[in-house]
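Chemist: Structure below; questions to follow.
The values are calculated or read from the model by the stated rules, or taken from the named source; none is laboratory data. All figures in this text were calculated on a predicted structure; none of them were measured in a lab. Here the Cβ is made from the backbone with ideal geometry for all residues, glycine too, and neighbour counts use every protein chain on show. Only protein heavy atoms, including side chains, enter the accessible area calculation; ligands, DNA and RNA are left aside. Shrake-Rupley method; radii C 1.70, N 1.55, O 1.52, S 1.80 Å.
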Amino acid sequence: MEAEQSSSPPPPSAGDDCLVFKVNGERFEVPAIDPSTTLLEFLRSKTRFKSVKLGCGEDSNFVMFFECEVLDMAADVDDMQNLLIDCMLTFEALYFSYSLYILKLDIFSINGCSVTTSEGLGNSKDGFHPIHQRFAGFHASQCGFCTPGMCMSLFSALANAEKTNQPQASPGFSKLTVSEAEKAIAGNLCRCTGYRPIADACKSFAADVDMEDLGINSFWNKGDKKEVHPRAFNVQKNNSGFIRNSASLGGNLVMAQRKYFPSDIVTLLLAVGSSVSILTGHKHETITMEEFLSRPPLEPKDVLLSVHFHEPTRIDGSVHTNSKLFFDTYRAAPRPLGNALPYLNAAFLADISCDRNGSLVNNIRLAFGAYGTKHATRARKVEEYLTGKILSLRVLDEAIKLVKGAVVSEEGTSYAAYRSSLAVGFLFEFLNSFSLLCCSSEELSGSVLEGTAKSINDKISQTGRPPLLSSAKQVIQSSRDYYPVGEPMPKFGAAIQASGEAMYVDDIPSPPNCLHGAFICSTRPVARVKSISFKSNQPTDVISVKDIPREGENIGCMAMFGSEPLFADDLTRFAGDLIGFVVAESQKNANLAAKTALVEYDTEGLDPPILTVEEAVERSSFFDVPPYLYPQQVGDFSKGMAEADHKILSAKIKLGSQYYFYMETQTALAIPDEDNCMVVYSSIQCPEFAHRVIARCLGVPDHNVRVLTRRVGGGFGGKALKQCRVGFKSNGKITALHLDILINAGVTADISPIMPSNMIGALKKYNWGALSFDIKVCKTNHSSKSAMRAPGEVQGSFIPEAIIEHVASVLSMEVDSVRNRNLHTYESLKLFYGSASGESIEFTLPSIWDKVGQSSSFDERIAMPLGKVSVLWDGSIVVEVGGIELGQGLWTKVKQVTAYALSSIQCDGIEDLVEKVRVVQTDTLSLVQGGFTAGSTTSESSCEAVRLCCNILVERLAPLKEKLQEEMGSVKWDVLILQFHVTEVKSVFTKKDIRPRNIITENIETEVCSWSIFFVGREHHISTVCSMFLFEQLEMFESTLQKHNLAAHSFFVPDSSSTKYLNYGAAVSEVEVNILSGETRILRTDIVYDCGQSMNPAVDLGQIEGAFVQGLGFFMLEEYQTNSDGLVIADGTWTYKIPTIDTIPKQFNVEVLNSGHHQKRVLSSKASVHCATRAAIKEARKQLKSWGAWDATDPTFQLDVPATMPVVKQLCGLNTVETYLQSLLSKS
């Protein structure tokens, strides 16, 4: 079948048997086509437009990470109606805004429509669209494979924004807001950039953009105004008001009913009491949503006609007419914006009225879904219990117990206990949200959860979601000494990558009669393959080891330490081993045949597989490491241990692997050429290796093979178990470290023998005193583990942080103090690295450490947990804490701790000090239910932070208090604070020989008056003991007042320094953890990195950010899951979650230094987020301990990698809410 093209615009319809549509202005008439053909297949195989890309190809999900625009073709082809479509990688019901899977739709769905892809927006021939230009100019395209999809996502958002009633924006800008711009690409995936430059490119179109918030780009300089702008963009041809989302509500409901899809929208509709109309055969019926879900799966011929729901004035059965309805939805998923399946979703609707005794629940609906059952369900027993109850601690406690019994996962569901805990947290948060509404301000202080009322008011007053990224800052140092080297120029080819014109291997048109192939992989680790058969989907042929030419070899790849076979020979060696290659006339048929192949195995008489490093040690299964690659020991370990005051004799650290997840999957096109030659187009990083492997496999001379690689759509693991012994002094100085490291290399060596050197090289970043190790590279029946962006360095950078944290926990010291204690001096650096340490001038780590502290305001925020205490002139006290919204008890405890800690000054009149304390939130953006550490913490950590602040203040006040006590006998709190400020002022005058006139000092209680000083156009009111007098040098006096105050900060920000190949970098990260769900949010990351002499600072900056975010995925998100046979079961978008724009730091600051040194640099500061998360969990466990949870008393817990939501929640406590309520009940 060939699509017929014509340049003239004939009528939209060319007959009932012919499909008519346009692609980028080109008209296609298709008389006959396979009904199963998707739009994606047609675009890629029958048109010249290749910007649309197939990502993972998972049939169970909507997998296109590109967008197209679809327009209805009206009678006049120039008058088309807009149908904008964003094709997301994944689709979730609650994220409806123009999200669908149009390119997975059959070709018939676009009959009479016009399709626009990124090439249609602009191109190298007709001129690039401003979107393409911005992506290139903002350095927002690295490998470029995902860039066309990003551009179309933004284009759709821009076009939709122009249809709104918002005021017209300035020329060159749109009606789009910054928040909308960032969310436009929330469903797109990128593995390279780290998303920050992409977000900047999108925000540059926004009407409300802050120019200073835009990163390095070729359009604006810092300080430019909005009027300075390149040419404007034009979407006028696309501003029709009719927008249709082809993803249907009905389709989602049917998927949930028939395929048990964990739908969010079904749970929501269940809570609001919706119903559906269906047609089964000739029978039309209307049933409730519960009945719809519980009935047998719909037949293919059954039809879902409609969904009925309305906004009720009150729930059916409620009798109170003065009641209020409360509705909320909840969702816990790896990604905040929903582009991931949830662990649990919930929707609650409550009818509440105010009773004289509190909040009365007249009626309530509680729906839960996605927790390991076939369908969403109502928690009927909990509803029945709560109906008619006045909310109280005991009612909440009983409801929590009931919901745990109602939300129970089916056997085999992952994280079953975690999902049940989420249900408890969601219900607790919901019930508490209106439990305070019937309380007066006086009653509020004794309510269930202190702080909740403020949270509710904040939520109600919030008119829109904040942007995903609050801000970002990039600092580079460029040089024109070697112009253009050193200039931050845009990446070459970025514009054609954005337009989709850049050609990748799979974009190359297939020659006539081309066959397509797919591998059949073993599902058993060690087994004989007896047969391969096909019940259906018979392929053209199956190629196996038996088909390798007689002159050739069974070789599939090469590495520096040997080769690897192409096919399994007599035995499969691991689950996933290649046992056959099916070929068919289309890629779809080949994939289907490989997927449905039936393989018969035989394991009789075979040894069991080696699936763990422990089993490898037992059976002495190792790969040799060449002596020149094995690192050298440092110092005398025995002597170091003898000098230690404390010892950790055994501790274990385990790290998993990381999936590459490059956007372009492994692809090759082989074309036979004359004279027994072969031309191969391959997306490989090592074309030479491919060349040699192909020649050896075919048994032909090397000169008969040609391998071509134009570009690779991403080409960036892990594998170790470590046990350590540590000796250290009481001050935190480590004197000796020994490591036993087992590396899971898989079935072949690949590059694993270099891992010991790389790991130890990174591990030496601290001064361990003496360092010894025993490293074994284990051979197991897993797939071979290859290089994954800085192999060994990431793991080697994390191990020291885990050891430092363990030492700090044992000594009850702050982690940063132990880190500082063990940083290298230049002398210790030479001991550990020898001649590689270079000259002392190259040792930039100390300056980087200071710089990252300054750039992140480290000095103002570093003093341990989270808090600030300020004592004002009149003796009143203001306390700021970042903490969770788990109850009004938080603020009460903070006030009590503040009064207690300050009372150690032992003044008169401190009995009522607690009344002088006011607790305020420092940053509402950092306040999340359950959040803590680096912006939010538990009650315990907030109190500890406040206590530390108060200790500082007491230390400042103590000398004056003692002096006044000697003179006066007793000192009141108000007088002490007053005199402290006066003394500070007087001391300045004395030092500067400035005399105020008529100041009263004889009787400090004689007169208190308020007076004003005017200067520099401002008025300062100062409460002091005085007569009116004149001052000299008022400017000096103003600066003194600013310097001297009674304020103390206490804020814990975990950081991690990182050195690679004796190049230096440091990072500080703030992490907020929600202890109800285990969700982590990275509030801020500051990175300072010495890249030597950068040839392109903008490109290097992108590499740093991309490496950080990829490491963020390794440490926090990406679960490399295998089954019991070692087969990888999480390898696509459905199950494997790489970072998205909503998971990167909200404030992402990077500074690149040009120290002038010319070493290669590798960044590994990603572990700072993991360390910050561990610190947050540590504070949560302190809180749990204060509530009586004895299982949280061990400070030396291990935080797994990745630190996913279930992992974090487990360590914070699965019974947090229950523990908290029981602690309150025990006190009542």
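Chemist: Under 5 Å between amide hydrogens, which residues at least 5 positions from Leu344 or on another chain qualify, with H placed 1.01 Å from N in the peptide plane?
Modeler: Ala332
Chemist: So, taking all protein chains as they sit and a 1.4 Å probe, how much accessible area belongs to Arg258, in Å² rounded to tens?
Modeler: Accessible area, nearest 10 Å²: 80 Å².
Chemist: Short version: ³J(HN,Hα) in whole Hz for each residue of region 345-352, in order, from phi by Karplus 6.51 cos²θ - 1.76 cosθ + 1.60 (θ = phi - 60°), x for Gly and Pro, what are they?
Modeler: Coupling constants for region 345-352: 10, 8, 9, 10, 10, 10, 9, 10 Hz.
Chemist: Right, next: If packing is taken as the average number of other Cβ atoms within 10 Å across a peptide's residues, how do 203-215, 159-171 rank, most packed first?
Modeler: Ranked by mean Cβ neighbours within 10 Å, highest first: 203-215, 159-171.
Chemist: I've got another one for you. Using amide H atoms built 1.01 Å from N in the peptide plane, name the residues 5+ places from Ala651, or on other chains, whose amide H lies under 5 Å from its own.
Modeler: Cys724
Chemist: For the pair Glu398/Glu551, report the inter-label distance in nm, with labels modelled 7 Å from Cα in the Cβ direction.
Modeler: About 8.7 nm, to one decimal.
Chemist: Suppose R0 equals 56 Å. What FRET efficiency, 1/(1 + (r/R0)^6) with r the Cβ-Cβ distance, do His646 and Met489 give to the nearest 0.05?
Modeler: Using R0 = 56 Å, I get an efficiency of 0.55.
Chemist: Something else about it: List the pairs from Lys639/Lys776; Lys647/Lys1137; Lys53/Lys283; Lys654/Lys733 whose alpha-carbon separation is above 32 Å, in the order I gave them.
Modeler: From the list (Lys639/Lys776; Lys647/Lys1137; Lys53/Lys283; Lys654/Lys733), the Cα-Cα distance tops 32 Å for Lys647/Lys1137; Lys53/Lys283.
Chemist: Okay, moving on. Each residue of region 1115-1121 in order: what ³J(HN,Hα) in whole Hz does its phi give by Karplus 6.51 cos²θ - 1.76 cosθ + 1.60, θ = phi - 60°, with x for Gly and Pro?
Modeler: Running phi through 6.51 cos²θ - 1.76 cosθ + 1.60 with θ = phi - 60° gives 7, 10, 10, 8, 8, 8, 9 Hz.
Chemist: Could you sort 677-687, 29-39 so that the peptide with the highest average Cβ count within 10 Å comes first and the rest follow in order?
Modeler: My ranking of the peptides, most packed first, is 677-687, 29-39.
Chemist: Protein chains only, probe 1.4 Å: how do Arg918, Arg819 rank by accessible area, largest first? Show your work: numbers first, answer last.
Modeler: On the way: Arg918 160, Arg819 0 Å².
Listed by decreasing accessible area, they come as Arg918, Arg819.
Chemist: Mind ranking 1071-1084, 731-744, 1106-1119, 551-564 by how tightly packed they are, going by the mean number of other C-beta atoms within 10 angstrom, highest first?
Modeler: Result, highest mean first: 1071-1084, 1106-1119, 731-744, 551-564.
Chemist: Going from most exposed to least, what order do Tyr260, Tyr628, Tyr385 have by accessible area with a 1.4 Å probe? Mind showing how you got there, number by number?
Modeler: Numbers: Tyr260 90, Tyr628 170, Tyr385 55 Å².
Result of the area sort, largest leading: Tyr628, Tyr260, Tyr385.
Chemist: OK, next. When only C-alpha pairs under 8 Å and at least 6 residues apart count, what is the relative contact order of region 539-659, in percent?
Modeler: Numbers: 70 pairs, mean separation 22.2, N = 121.
That works out to 18 percent.
Chemist: Turning to a different aspect of this structure: If we count every other residue with Cβ under 10 angstrom of Lys530's Cβ, Lys/Arg +1 and Asp/Glu -1, where does the sum land?
Modeler: Numbers: positive: Arg528; negative: Glu600, Asp602.
Its environment carries a net charge of -1.
Chemist: Apply the Karplus parameterisation 6.51 cos²θ - 1.76 cosθ + 1.60, with θ equal to phi minus 60°, to every residue of region 660-667 and state each ³J(HN,Hα) to the nearest whole Hz, in sequence, with x for glycine and proline.
Modeler: Values per residue, Gly and Pro as x: 4, 6, 5, 5, 8, 6, 4, 9 Hz.
Chemist: Also, quick follow-up: By how many nm would the segment from Gln477 to Asp570 lengthen if fully extended, with 0.36 nm per residue of separation less the alpha-carbon distance?
Modeler: Gain in length upon complete extension: 27.6 nm.
Chemist: Sticking with this structure for a sec: Roughly to the nearest percent, how much of the accessible area of region 606-733 is carbon and sulfur, given a 1.4 Å probe?
Modeler: Details: 3610 of 7060 Å².
Roughly 51 percent of what the probe reaches on region 606-733 is carbon or sulfur.
Chemist: Additional query: Between Ala527 and residues 5 or more places away or on another chain, which pairs have amide H atoms under 5 Å apart, with H built 1.01 Å from N, and which residues are they?
Modeler: Under 5 Å from the amide H of Ala527 lie the amide H atoms of Thr572, each far enough along the sequence or on another chain.
Chemist: On a 1.4 Å probe surface of the protein chains, which of Lys1178, Lys972 comes out largest in accessible area, and what is the full order?
Modeler: Lys972, Lys1178
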